[in-house]
Each structure stands twice: as C-alpha cells, then as structure tokens.
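Colleague: To start, I am sharing the structure in question, which I have written as structure tokens.
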C-alpha cells in the first residue's frame with residue numbers, strides 16, 4: 001500500500017485500486033501507444049478519484065471532523081472521526097461528485113480549446129474527463145453505498161432506511177440489465193451493478209453484510 005498526506009489528510013492507496021483501474025482501462029492496450037495509454041488512464045483515474053474524495057473530506061473538516069482518504073478496489077472512501085447531522089451528511093455526500101464533475105468539465109474545456117498539444121497530453125485530459133464526469137454522475141445514482149444512495153438515506157431518515165435500500169436494489173438491477181443489453185456489454189460493469197443490487201437486497205432484508213463495498 002502507498003501512504004502519504006495531502007492537504008493535511010492521510011491518504012492510503014491499496015494495491016487493488018491500481019489493479020482495478022488497469023482492468024477498466026485494459027482496452028487501451030489494443031490502440032496505439034498501448035502501455036503508455038493504459039498508464040495515462042490509471043494516473044488520470046487516480047487523480048480524479050482522489051479529487052472526488054477531497055470533495056468529501058474538505059467538507060468533513062469544515063463541519064469539525066478529522067478525516068482520512070482510502071482508495072481501494074471499489075473506488076474511494078472519506079473516513080471521518082465523528083458523525084454528522086443528516087443535513088451535513090447530505091452536503092458532504094454531494095461534495096465529492098460535484099467537485100469531480102466540475103474538474104471534469106474543466107478538462108473538457110481544455111480539450112475543446114487545445115489543438116497542438118502532444119498526444120499524451122490530450123490522452124491524459126480525455127481520460128481525466130471521462131473518469132471525472134462519468135464516475136461523478138454514476139455516484140449520484142440513488143444506490144447505496146454510492147453518494148446518491150447516501151443522500152437518499154439522509155433525506156428519508158432512519159425510519160425509511162429500508163425503502164432506500166429497496167430503491168437502490170431496483171436501480172442497480174435496472175442498470176445491470178441496461179449494461180447487459182447494450183452492444184458489446186461490459187462484463188465488469190455488469191458484475192459491479194450486480195454487487196450493488198445484492199448488497200442493497202441484503203440490507204433491505206435487515207442484514208448488515210460484510211462487503212467489499214465498505215472495506216472499513
């Protein structure tokens with residue numbers, strides 16, 4: 001594992017994070033500059049997801065908590081040392097994807113207004129834009145433990161928590177069907193959606209399953 005500090009936040013990067021990012025970008029090996037394109041994808045994904053988690057931790061700090069960041073197989077976590085009110089938690093949950101999408105839009109504008117950059121510069125900004133906008137939007141879906149699912153739980157409150165898991169299960173199942181029925185379906189994306197659906201189904205039944213989705 002790699003450990004460092006960024007803006008006062010301890011950051012831990014598990015080796016599985018690099019492996020999954022490489023798997024998600026494996027199709028880049030087939031194009032020109034294959035290994036370089038894969039390396040650019042992994043680096044761009046690392047920076048984008050780290051920015052996403054900073055969006056959470058900066059708000060956690062604002063609300064009086066100390067926090068750390070963990071990047072692992074399923075993405076990232078911002079781990080505070082205390083709890084928050086429902087409104088604070090909703091704001092914190094939205095901070096990550098909103099910041100990530102914002103920097104993705106900036107990368108989009110850089111690409112749109114540049115023409116003479118070297119291929120690897122454009123490849124980096126293109127990869128960064130894809131991860132930032134796509135992952136940011138996916139995280140806003142009402143599927144626990146994605147940020148949208150956290151927001152839904154905060155809005156509904158503890159008395160309606162099971163409904164949040166039911167909606168998360170249905171959304172994840174629908175997304176899985178959509179992925180499988182597309183041309184050239186992604187097996188990895190389908191498995192990920194199925195994991196989300198199964199996790200929410202177990203929680204809807206009242207279980208608290210140990211899960212790779214929540215390594216801590």
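Colleague: Going residue by residue through segment 18-26, is there one that turns out to be crowded, with 18+ Cβ neighbours inside 10 Å and part of a loop (DSSP other than H, G, I, E, B)?
Modeller: For segment 18-26, residues crowded, with 18+ Cβ neighbours inside 10 Å and part of a loop (DSSP other than H, G, I, E, B): present.
Colleague: Could you please tell me which pairs satisfy a Cβ distance under 6 Å, a separation of 6+ or placement on different chains, a first residue in segment 8-32 that is closer than 15 Å to residue 73 by Cα, and a second residue that is assigned to a helix (DSSP H, G or I)?
Modeller: Final answer for the pair search is 21/42; 21/45; 22/42; 25/38; 25/41.
Colleague: Which of the following residues is modelled with pLDDT of 90 or more and either surrounded by 12 or more Cβ atoms within 10 Å (Cβ to Cβ) or closer than 22 Å to residue 14 by Cβ (or both): 213, 192, 156? Steps first, answer last, please.
Modeller: On the way: 213 fails: modelled with pLDDT of 90 or more; 192 fails: modelled with pLDDT of 90 or more.
When all the criteria are applied, what remains is 156.
Colleague: In the list 91, 111, which residue meets the criterion of being assigned by TED's automatic domain parsing to the domain that holds residue 12, modelled with pLDDT of 95 or more and either out of contact with any strand residue (DSSP E or B) (no Cβ under 9 Å at 6 or more places or on another chain) or surrounded by fewer than 18 Cβ atoms within 10 Å (Cβ to Cβ) (or both)?
Modeller: On the way: 111 fails: modelled with pLDDT of 95 or more.
Exactly one of 91, 111 is assigned by TED's automatic domain parsing to the domain that holds residue 12, modelled with pLDDT of 95 or more and either out of contact with any strand residue (DSSP E or B) (no Cβ under 9 Å at 6 or more places or on another chain) or surrounded by fewer than 18 Cβ atoms within 10 Å (Cβ to Cβ) (or both), namely 91.
The values are calculated or read from the model by the stated rules, or taken from the named source; none is laboratory data. Quick caveat: nothing in here was measured; it's all calculated off a predicted structure. In this analysis, Cβ positions are derived from the backbone assuming ideal geometry, glycine residues included, and neighbour counts consider all displayed protein chains.
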